Amino acid sequence: MRPAPSLFNIVSVACGLAFLYLPIAVLVVYSFNASRLVTVWGGWSLRWYGELIGDQALIAAARTSLLIALASASAATLLGTLAALAITRFGADRGRTALSAMVLAPLVMPEVITGLSLLLLFVAINLDRGFLTVTIAHTTVTMCFVAVVVKARLADLDRSLEEAAMDLGCPPARTFLTVTLPLIAPALAAGFLLAFTLSLDDLVIASFTTGPGATTLPIRIYSDVRLGVKPEINAICTIMIATVALALIVASLALRRASSATTSRRPGAA
Amino acid sequence: MRRGFAPWADAGARALLRLQGVSKRYGDIVAVDALDLDIFEGEFFALLGPSGCGKTTLLRLLAGFETPAQGSILLAGEDIAAVPPYRRPVNMMFQTYALFPHLSVAGNIAFGLRQERLGRAAIEARVAEMLALVQLEGLGARKPHQLSGGQRQRVALARALAKRPRVLLLDEPLAALDKKLRAQTQFELVNLQARLGTTFVIVTHDQEEAMTMAHRIGVMDRGRLMQVAEPSELYEQPNSRWVAGFIGEVNLIEGRVAALEPGIAVVAALGGHFRVGATAGVGPGDSVCIAVRPEKVRVANAPAAAPTDNCLAGSVVDIGYLGGMSSYQVRVADGFLVRAAIANATRRTTPPIGWDTQVCLTFAPQDAVLLTR
């Protein structure tokens, strides 16, 4: 039995949670504020959610963000999975370590630097900035997150499963599709959702690499807020928080289910 | 085991599986070293050896997961050394079983059949047949993680047999089972093999397992086959000090051939002379080793009954009571320790011969083996 939490434990946990979530709670609560003045509570209302529907610019930005998130998360899942396969399966140990470090380095790269270097690259190769460049930039940043998630799953996977499939007459490509892929699918889903949410809430890299006609939601919100906080912003932010939280919960559930399905061995349970 | 099944003794018999000069290296490490081996149709062959001896590599070479650096692997006369695993009429049962966790038991067994593009009805019939074969009727819809260890082992066996392979490879198939289940499963595997007539090649590090199940055993060490023989021959007629020491317990007495009599070599060792059945090619002056198993050494208070028997005087140093038998350690000339095993044929609780007793160890010339290697 663990001892009951002391007063100190309770207070410290409460302070920590408040520090993390109080600002978000304030934002969510104020999104239901009836008053136009952001700082004055005027009672509960869904008014700003209604007004959102009429705000064409904000809706367009949200659509752009969703499309970019979908496209870049798909590309990142594909590339990240290939990278994870390369790291876990091929090459000598030394090459593998180097490759692994290189794939994972962008995880800790400051976003400003990533954004700036991508901008320089796009200018150098004379690529018009817009939807495509933001998608490419987001793919670059998020594929390493996918690679980390998928790599962990592949490392857990018993290689003899693939050997067994081949032994039973299944060629390598079909083995990948019928055995490997179903077994790592939860990691792919988790990686995809992670990449999706990272793309959805990115401001820094998007603002470096975007161009006319490809204003993402965070960019739109940021520029609106500079002119003063509108209550609609609170509403759209609440919707974003809900979307991202949902995606992350689904991703973690997918990963947990996958690991319990393949590792719940019951040795000797005759 | 079927009596009278011995194609390896027939010079005219053709091997189903023939390995010729097969080598496999990992960097500087030689896992399999210029190995020759014939395995016959319907044989239950065991590869036995300490860990790291190359037995698993050899099995993986047969399965096609590794390709040999040199040599050929002939299956029914056809070289399969370069054939990928998915085109070999050979199936493997993995040590970890490697059951597909996302497929049901029936799905696992049907996996190999689906690759052959068999019809649905044919697949279902074969799956039902295989489930019956391993006595798992009614469990086809379960997922592997819902089965016990013993049941998973059977599913793995059924899956590997479903395609009716020419050769079934088994990598430590019983290692994950507890001791009681293992003994029972050994028996079942032997019966199954006899019934199907499929050639089985099993890898194990467990001597008893190999001795109980296999027609012939190949003992491996450092990538080489040290001896290939039937279990009884391996035990009673080992061809080298290494094999004698690896299989069971043995006393190895080093000496030199003093004289040759018809069929008998007189060996000078431990300050005396021993008469041992001669092996071909042994001449006077050769340094040899007398190998005698503990249970073939008699412990007595008086010298040997038959004058031709070898006799060693010594004192009992230790007695180990093992239930069915007692193990004696006797110190003889030069401080050399000889082990003798005595069957506890009666319900006596005190040893008939106690500690520090002066005893005579005797063994007949034909009960010892002369080793030159």
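Of all the criteria given as (1) within 28 Å of residue B:106 (Cα to Cα); (2) away from chain A (no Cβ under 14 Å), the one not satisfied by residue B:147 is (2). The range B:234-329 holds strands (runs of 3 or more DSSP E) entirely within its bounds, and those carrying 3 or more residues that are open to solvent by less than 10 Å² (accessible area, probe 1.4 Å) map to B:251-261, B:264-269, B:287-292, B:310-321. Here residue B:141 passes the criteria (1) under 22 Å from residue B:112 (Cα atoms); (2) open to solvent by 20 Å² or more (accessible area, probe 1.4 Å); (3) within 14 Å of chain A (Cβ to nearest Cβ) except the one numbered (3). Taken over the range B:155-196, the criterion of being crowded, with 17+ Cβ neighbours inside 10 Å, part of a loop (DSSP other than H, G, I, E, B) and within 11 Å of chain A (Cβ to nearest Cβ) is satisfied by B:162, B:163, B:165, B:176, B:177. Applying the set (1) open to solvent by 40 Å² or more (accessible area, probe 1.4 Å); (2) touching a helix residue (DSSP H, G or I) at 6+ places or on another chain (Cβ under 8 Å) to residue A:100 leaves exactly one unmet item: (1). Of the residues B:69, B:31, B:13, B:63, which is free of Cβ contacts under 8 Å to residues at least 40 places away in the same chain, more than 16 Å from the chain's Cα centre (by Cα) and in the same structural domain as residue B:234 (by TED's automatic domain parsing)? Going through B:69, B:31, B:13, B:63 in turn, just one is free of Cβ contacts under 8 Å to residues at least 40 places away in the same chain, more than 16 Å from the chain's Cα centre (by Cα) and in the same structural domain as residue B:234 (by TED's automatic domain parsing): B:13.
Among the listed residues A:169, A:211, identify the single one that is of a type in the set (Gly, Ala, Ser) and more than 14 Å from every other protein chain (Cβ to nearest Cβ).
On the way: A:169 fails: more than 14 Å from every other protein chain (Cβ to nearest Cβ).
The match here is A:211.
When only residues in the range B:209-233 that are assigned to a helix (DSSP H, G or I) and of a type outside the set (Asp, Glu) count, which is surrounded by the fewest Cβ atoms within 10 Å (Cβ to Cβ)? Reasoning before the result, please.
Residues of the range B:209-233 that are assigned to a helix (DSSP H, G or I), as a first pass: B:209-213, B:231-233.
Narrowing the set further to residues that are of a type outside the set (Asp, Glu) leaves B:210-213, B:231-232.
Values: B:210: 26, B:211: 18, B:212: 16, B:213: 26, B:231: 21, B:232: 9.
Ranking the qualifying residues of the range B:209-233, first place goes to B:232.
None of B:12, B:77, B:52 is over 29 Å from residue B:156 (Cα atoms) and out of contact with any Ser or Thr (no Cβ under 6 Å at 6 or more places or on another chain) except B:12. Residue B:118 meets the conditions (1) surrounded by fewer than 21 Cβ atoms within 10 Å (Cβ to Cβ); (2) more than 12 Å from every other protein chain (Cβ to nearest Cβ); (3) among the hydrophobic types (A, V, I, L, M, F, W, C) in every case but one. The failed one is (2). Inside the range B:54-93, residues that are within 12 Å of another protein chain (Cβ to nearest Cβ), in a strand (DSSP E or B) and not hydrophobic (A, V, I, L, M, F, W, C) make up a count of 1.
From the set of residues in the range A:200-213 that are of a type outside the set (Val, Ile, Thr) and outside any helix (DSSP H, G or I), which is surrounded by the most Cβ atoms within 10 Å (Cβ to Cβ)?
The qualifying residue surrounded by the most Cβ atoms within 10 Å (Cβ to Cβ) is A:202.
Residues in the range A:140-162 that are open to solvent by 40 Å² or more (accessible area, probe 1.4 Å) and within 14 Å of chain B (Cβ to nearest Cβ): A:156, A:158, A:159. Pairs meeting the criteria (first residue in the range B:110-125 and in contact (Cβ under 8 Å) with a residue 12 or more places away in the chain and in the same structural domain as residue B:156 (by TED's automatic domain parsing), second residue in a helix (DSSP H, G or I) and open to solvent by 40 Å² or more (accessible area, probe 1.4 Å), beta carbons under 9 Å, at least 6 apart or on different chains) are B:110/B:124; B:110/B:126; B:111/A:178; B:113/B:122; B:113/B:126; B:115/A:174; B:115/B:86; B:123/B:114. Screening A:180, A:216, A:197 for residues that are within 14 Å of chain B (Cβ to nearest Cβ) and open to solvent by less than 40 Å² (accessible area, probe 1.4 Å) leaves exactly one candidate, A:180. Tallying residues that are open to solvent by less than 10 Å² (accessible area, probe 1.4 Å) and either more than 9 Å from chain A (Cβ to nearest Cβ) or among the basic types (Lys, Arg) (or both) within the range B:94-106 yields 1. Evaluated against (1) over 16 Å from residue B:222 (Cα atoms); (2) part of a strand (DSSP E or B), residue B:33 falls short on exactly one condition, (1).
The values are calculated or read from the model by the stated rules, or taken from the named source; none is laboratory data. Predicted, not measured: the structure shown is a model, and the values here were computed from it. Don't worry about glycine lacking a Cβ; one is built from the backbone with ideal geometry, like all the others, and counts go over all protein chains shown. SASA here: full protein model, heavy atoms, side chains in, ligands and nucleic acids out. Shrake-Rupley method; radii C 1.70, N 1.55, O 1.52, S 1.80 Å.
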